[in-house]
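The values are calculated or read from the model by the stated rules, or taken from the named source; none is laboratory data. This structure is a prediction, so every number in the text was calculated from the model and none was measured. Positions of Cβ are generated from backbone atoms using ideal geometry, with glycine treated the same way; all protein chains shown enter the neighbour counts. For the accessible areas, the whole protein counts, side chains as well, though only heavy atoms, and no ligand, DNA or RNA atoms are used. Shrake-Rupley method; radii C 1.70, N 1.55, O 1.52, S 1.80 Å.
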Amino acid sequence: MIILLSVAIAPGLALFSYFYLRNQISSEPSRSLFHTFIYGAMLTFPILFIQHVFKFEHIFQSAFITNVLFTSTLEEFFKWLILVMVIYQHVDFEDPYDGILYGASVSLGFATVENILYLLTYGLDTAFLRALLPVSSHAIFGVVMGYYLGRAKFAVRQSSKPLLFIALLAPLSLHMIYNGILAIEGIWLYFMIPFMLFLWWLCLTKVKQAHLLTIQHFQTREELRDM
């Protein structure tokens, strides 16, 4: 059991450590990030319950609608809602890169608990593939969501509302494509490999852009302080 839990938790911890250590400008309070991770972990159970009810009641007759449209929307909406309702106005959300950290944290909280439940059910044989695909994809979706939340919170020359909408729409679209590829029987891996490479390129691009926005944010704040 200890080995299984360690294997299930390790990918999420490693990915979050990577994004946390990339923050070279300011240190985000670990307590706030831990709370966000817990919020994401707690989301797993109501989401799985809703998915079970809809599946048991046969609300959707199409597997495509259930697995691609409904599941993606449910997971990304609740993660976005937690970030907007609880984190967005939090005093510790101090710069654009913090959005990356909070987005990754809530997503990895969800992905870690989901991974634990999956490995408890199906065993360690799927652990490596789970780390490469579901856990890392959830992290990337969270990074993209957090990037646009960070832009929205510290927007200077544009309205924050469109960016808040994009913070939901962008990861939701990526999640739908991801689930859609998994629905392709037999040849899904041929599409998944280039898509995951694209996701990681997009993720690293957003991380770099968030760093630049954060530098600009602190420079502007210093200039205003000196005036």
**Report entry** Accessible area in square angstrom per residue, segment 4-148, 1.4 angstrom probe
**Finding:** 47
Requested in this report: Quick one: among A170, A104, A139, which has the greatest mean-square fluctuation in a GNM of the chain with alpha-carbon springs under 10 angstrom?
Outcome: A170
Requested in this report: Would you mind counting up the charge near L163? Only other residues with Cβ under 10 Å from its Cβ, with Lys and Arg at +1 and Asp and Glu at -1.
Outcome: +3
Report summary line: One can check that the equivalent ellipsoid of segment 1-116, built from the alpha-carbon gyration tensor with semi-axes equal to the square roots of five times its eigenvalues, has lengths in Å, largest first, of 28, 18, 11
**Report entry** Under DSSP loop assignment and at most 11 Cβ neighbours within 10 Å, longest GluC sites (Glu not before Pro)-free interval of the chain
**Finding:** 58-184
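Taking only C-alpha pairs under 8 Å that are 6+ residues apart, what is the relative contact order of the chain in percent?
Numbers: 262 pairs, mean separation 63.2, N = 227.
RCO, the chain: 28 percent.
At 1.4 Å probe size, with the rest of the protein present, what percent of the exposed accessible area of segment 1-149 is carbon and sulfur atoms? List each step's numbers first, then the result.
Numbers: 5110 of 7230 Å².
Carbon plus sulfur share of accessible area: 71 percent.
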Report summary line: the chain, Gaussian network, Cα under 10 Å: of V144, V91, V207, the residue fluctuating most is V91
Query raised in the report: What are the ³J(HN,Hα) values, in whole Hz, obtained from phi via the Karplus relation 6.51 cos²θ - 1.76 cosθ + 1.60 with θ = phi - 60°, for each residue of segment 108-121 in sequence order, with x given for Gly and Pro?
Result: 6, x, 5, 5, 5, 5, 4, 5, 4, 5, 5, 5, 5, 7
Report summary line: Long-range alpha-carbon pairs in segment 37-89, meaning those over 15 Å apart, account in percent for 50
Requested in this report: Kindly provide log₁₀ I(q)/I(0) values, in the same order as q = 0.12, 0.14 Å⁻¹, from the Debye equation applied to equal alpha-carbon scatterers of the chain.
Outcome: -0.65, -0.87
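Would you mind getting me the FRET efficiency between T73 and Q216? Use the beta-carbon distance for r and R0 = 30 Å, nearest 0.05.
So, using R0 = 30 Å, E works out to roughly 0.35.
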